[in-house]
Amino acid sequence: MNWMVIAVSGTPGTGKTTLAKTIAGQFGLKYFNVTRLIQTKKLYDSFDRKRKCFVVDEKKLVKSMMHEINKLEKKFYKKKYIKIDKKLFSKEIKNYLKKLKKIDTAANLKRITIPFMQPLGIVVDSHLSHFLPKSFVDLCVITKTEINDLNKRLKLRKYSRKKVLENIQAEIFDVCYEEAQKKKHNIFIYKN
(Lines give C-alpha, C1' and ligand atoms only; values in the text may rest on other atoms or scores of the structure.)
Protein backbone atom coordinates (compact mmCIF):
# COMPACT_ATOMS: atom_id res chain seq x y z
CA MET A 1 0.00 0.00 0.00
CA ASN A 2 1.27 3.42 -0.93
CA TRP A 3 -1.31 5.40 0.98
CA MET A 4 -2.39 5.53 4.60
CA VAL A 5 -4.92 2.98 5.93
CA ILE A 6 -6.51 3.66 9.32
CA ALA A 7 -8.83 0.99 10.75
CA VAL A 8 -11.33 2.30 13.32
CA SER A 9 -12.81 -0.58 15.29
CA GLY A 10 -14.54 -1.22 18.59
CA THR A 11 -17.74 -2.51 20.10
CA PRO A 12 -20.93 -1.16 18.46
CA GLY A 13 -21.99 2.04 20.22
CA THR A 14 -18.51 3.22 21.24
CA GLY A 15 -18.32 6.05 18.70
CA LYS A 16 -16.52 4.46 15.74
CA THR A 17 -18.42 6.20 12.97
CA THR A 18 -18.14 9.66 14.49
CA LEU A 19 -14.43 9.18 15.18
CA ALA A 20 -13.74 7.69 11.74
CA LYS A 21 -15.47 10.62 10.02
CA THR A 22 -13.66 13.09 12.30
CA ILE A 23 -10.26 11.59 11.43
CA ALA A 24 -11.14 11.51 7.72
CA GLY A 25 -12.22 15.15 7.75
CA GLN A 26 -9.29 16.35 9.84
CA PHE A 27 -6.56 14.60 7.83
CA GLY A 28 -7.92 14.57 4.29
CA LEU A 29 -8.62 10.83 4.20
CA LYS A 30 -11.40 8.95 2.39
CA TYR A 31 -14.11 7.58 4.68
CA PHE A 32 -15.02 3.93 4.00
CA ASN A 33 -18.18 2.41 5.51
CA VAL A 34 -17.84 -1.39 5.75
CA THR A 35 -21.53 -1.93 6.62
CA ARG A 36 -22.48 -0.59 3.20
CA LEU A 37 -19.92 -2.94 1.58
CA ILE A 38 -21.36 -5.95 3.47
CA GLN A 39 -24.86 -5.15 2.25
CA THR A 40 -24.07 -4.26 -1.37
CA LYS A 41 -21.68 -7.20 -1.93
CA LYS A 42 -23.83 -9.58 0.16
CA LEU A 43 -20.88 -10.67 2.33
CA TYR A 44 -23.10 -12.42 4.83
CA ASP A 45 -24.30 -15.98 5.27
CA SER A 46 -27.67 -15.12 6.76
CA PHE A 47 -29.67 -12.55 8.71
CA ASP A 48 -30.04 -13.14 12.46
CA ARG A 49 -33.62 -12.07 13.21
CA LYS A 50 -33.17 -12.11 16.99
CA ARG A 51 -30.15 -9.79 16.87
CA LYS A 52 -31.38 -7.92 13.78
CA CYS A 53 -28.00 -8.13 12.06
CA PHE A 54 -26.20 -9.96 9.28
CA VAL A 55 -24.02 -12.97 10.06
CA VAL A 56 -20.86 -11.94 8.20
CA ASP A 57 -18.38 -14.29 6.54
CA GLU A 58 -15.12 -12.81 7.92
CA LYS A 59 -12.87 -14.31 5.23
CA LYS A 60 -15.04 -12.98 2.40
CA LEU A 61 -15.28 -9.63 4.15
CA VAL A 62 -11.51 -9.23 4.59
CA LYS A 63 -10.87 -10.22 0.98
CA SER A 64 -13.52 -7.79 -0.24
CA MET A 65 -12.27 -4.95 2.01
CA MET A 66 -8.72 -5.43 0.68
CA HIS A 67 -10.01 -5.42 -2.90
CA GLU A 68 -12.06 -2.23 -2.37
CA ILE A 69 -9.19 -0.44 -0.60
CA ASN A 70 -6.81 -1.33 -3.45
CA LYS A 71 -9.40 -0.12 -5.97
CA LEU A 72 -9.83 3.19 -4.11
CA GLU A 73 -6.08 3.63 -3.85
CA LYS A 74 -5.69 3.22 -7.62
CA LYS A 75 -8.52 5.72 -8.18
CA PHE A 76 -7.27 8.44 -5.82
CA TYR A 77 -3.59 8.03 -5.02
CA LYS A 78 -1.13 9.90 -7.25
CA LYS A 79 2.45 8.79 -6.42
CA LYS A 80 4.15 11.67 -8.19
CA TYR A 81 2.36 14.30 -6.08
CA ILE A 82 2.35 12.85 -2.59
CA LYS A 83 4.99 11.13 -0.51
CA ILE A 84 3.70 10.00 2.87
CA ASP A 85 5.85 9.22 5.89
CA LYS A 86 3.41 6.71 7.38
CA LYS A 87 5.07 6.53 10.80
CA LEU A 88 5.05 10.31 11.12
CA PHE A 89 1.45 10.49 9.88
CA SER A 90 0.38 7.77 12.38
CA LYS A 91 2.11 9.70 15.17
CA GLU A 92 0.34 12.91 14.12
CA ILE A 93 -3.05 11.15 14.19
CA LYS A 94 -2.32 9.64 17.63
CA ASN A 95 -1.34 13.09 18.98
CA TYR A 96 -4.55 14.57 17.57
CA LEU A 97 -6.62 11.80 19.21
CA LYS A 98 -4.87 12.32 22.57
CA LYS A 99 -5.97 15.96 22.52
CA LEU A 100 -9.46 15.29 21.16
CA LYS A 101 -12.14 15.63 23.81
CA LYS A 102 -15.14 13.33 24.07
CA ILE A 103 -17.20 13.58 20.89
CA ASP A 104 -20.93 14.24 21.10
CA THR A 105 -21.96 11.65 18.52
CA ALA A 106 -25.36 12.89 17.36
CA ALA A 107 -24.44 16.59 17.23
CA ASN A 108 -21.04 16.19 15.58
CA LEU A 109 -22.02 13.74 12.85
CA LYS A 110 -24.05 16.46 11.16
CA ARG A 111 -21.16 18.96 11.29
CA ILE A 112 -18.33 16.70 10.07
CA THR A 113 -17.40 17.41 6.50
CA ILE A 114 -15.12 15.18 4.50
CA PRO A 115 -13.01 17.16 2.04
CA PHE A 116 -13.41 16.66 -1.69
CA MET A 117 -9.67 16.81 -2.30
CA GLN A 118 -7.40 13.99 -3.30
CA PRO A 119 -7.29 11.77 -0.20
CA LEU A 120 -3.98 10.77 1.37
CA GLY A 121 -5.48 7.47 2.47
CA ILE A 122 -8.55 5.82 3.87
CA VAL A 123 -10.33 5.41 7.20
CA VAL A 124 -12.08 2.04 7.45
CA ASP A 125 -15.10 2.21 9.79
CA SER A 126 -16.30 -1.12 11.22
CA HIS A 127 -16.23 -3.25 14.32
CA LEU A 128 -14.65 -5.79 11.94
CA SER A 129 -11.98 -3.53 10.38
CA HIS A 130 -9.29 -4.87 12.72
CA PHE A 131 -9.53 -8.21 10.87
CA LEU A 132 -7.60 -6.65 7.97
CA PRO A 133 -4.02 -7.98 7.89
CA LYS A 134 -1.30 -6.01 9.68
CA SER A 135 0.49 -5.45 6.37
CA PHE A 136 -2.58 -3.57 5.14
CA VAL A 137 -3.22 -1.29 8.14
CA ASP A 138 -0.93 1.55 9.27
CA LEU A 139 -2.90 2.40 12.41
CA CYS A 140 -5.73 0.56 14.17
CA VAL A 141 -7.80 2.81 16.45
CA ILE A 142 -9.95 0.93 18.96
CA THR A 143 -12.81 2.96 20.43
CA LYS A 144 -13.82 2.38 24.06
CA THR A 145 -16.52 3.92 26.24
CA GLU A 146 -17.92 3.68 29.74
CA ILE A 147 -20.28 0.73 30.22
CA ASN A 148 -23.16 2.93 31.44
CA ASP A 149 -22.82 5.18 28.37
CA LEU A 150 -22.66 2.16 26.09
CA ASN A 151 -25.76 0.67 27.70
CA LYS A 152 -27.71 3.92 27.11
CA ARG A 153 -26.55 4.21 23.49
CA LEU A 154 -27.44 0.63 22.63
CA LYS A 155 -30.88 0.99 24.23
CA LEU A 156 -31.44 4.17 22.18
CA ARG A 157 -30.70 2.06 19.09
CA LYS A 158 -33.48 -0.26 20.29
CA TYR A 159 -31.18 -3.27 20.56
CA SER A 160 -32.74 -6.29 22.28
CA ARG A 161 -31.72 -6.99 25.88
CA LYS A 162 -29.67 -9.96 24.71
CA LYS A 163 -27.85 -7.93 22.06
CA VAL A 164 -27.15 -5.11 24.55
CA LEU A 165 -25.73 -7.64 27.02
CA GLU A 166 -23.55 -9.29 24.34
CA ASN A 167 -22.10 -5.94 23.29
CA ILE A 168 -21.49 -4.85 26.89
CA GLN A 169 -19.68 -8.14 27.52
CA ALA A 170 -17.62 -7.61 24.34
CA GLU A 171 -16.65 -4.17 25.67
CA ILE A 172 -15.81 -5.46 29.15
CA PHE A 173 -13.63 -8.25 27.75
CA ASP A 174 -11.98 -5.98 25.16
CA VAL A 175 -12.86 -8.34 22.31
CA CYS A 176 -11.95 -5.93 19.47
CA TYR A 177 -8.71 -4.91 21.19
CA GLU A 178 -7.70 -8.54 21.85
CA GLU A 179 -8.43 -9.52 18.25
CA ALA A 180 -6.47 -6.51 16.94
CA GLN A 181 -3.55 -7.48 19.20
CA LYS A 182 -3.58 -11.01 17.75
CA LYS A 183 -3.22 -9.42 14.29
CA LYS A 184 -0.25 -7.43 15.71
CA HIS A 185 -1.66 -4.08 14.62
CA ASN A 186 -0.19 -0.71 15.58
CA ILE A 187 -3.01 0.05 18.07
CA PHE A 188 -4.22 3.29 19.60
CA ILE A 189 -7.08 3.17 22.14
CA TYR A 190 -9.49 6.11 22.01
CA LYS A 191 -11.78 6.45 25.04
CA ASN A 192 -14.99 8.25 24.22
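Across region 93-146, what is the total count of residues that are polar (S, T, N, Q), at pLDDT 85 or above and touching a Gly at 6+ places or on another chain (Cβ under 6 Å)? It would help to see each step written out before you state the result.
Our first condition is that a residue be polar (S, T, N, Q); within region 93-146, this holds for 95, 105, 108, 113, 118, 126, 129, 135, 143, 145.
Filter once more, so that each one left must be at pLDDT 85 or above: 95, 126, 129, 135, 143, 145.
Of the ones still in play, those that are also touching a Gly at 6+ places or on another chain (Cβ under 6 Å) are 143.
Residues that pass the stated criteria total 1.
Within 20 Å of V8 (Cα to Cα), of a type in the set (A, V, I, L, M, F, W, C) and at pLDDT 85 or above, is that true of L88?
Details: within 20 Å of V8 (Cα to Cα): yes; of a type in the set (A, V, I, L, M, F, W, C): yes; at pLDDT 85 or above: yes.
Criteria met by L88.
So, in region 17-50, how many residues would count as being surrounded by 14 or more Cβ atoms within 10 Å (Cβ to Cβ), of a type in the set (D, E, K, R) and either free of Cβ contacts under 8 Å to residues at least 24 places away in the same chain or farther than 20 Å from N70 by Cβ (or both)? Can you show your working first?
Step one: filter region 17-50 for residues surrounded by 14 or more Cβ atoms within 10 Å (Cβ to Cβ), giving 17-35, 37-38, 41, 43-44.
If we keep only those that are of a type in the set (D, E, K, R) as well, we get 21, 30, 41.
Still in the running and either free of Cβ contacts under 8 Å to residues at least 24 places away in the same chain or farther than 20 Å from N70 by Cβ (or both): 21, 41.
Total satisfying the criteria: 2.
What's the total number of residues in region 145-178 that are surrounded by 18 or more Cβ atoms within 10 Å (Cβ to Cβ) and not aliphatic (A, V, I, L, M)?
Residues in region 145-178 being surrounded by 18 or more Cβ atoms within 10 Å (Cβ to Cβ) and not aliphatic (A, V, I, L, M): 9 in total.
The values are calculated or read from the model by the stated rules, or taken from the named source; none is laboratory data. Every value quoted in this text rests on a predicted model; they were computed, and no experiment measured them. Every residue, glycine among them, receives a Cβ derived from its backbone with ideal geometry; neighbour counts consider all protein chains shown.
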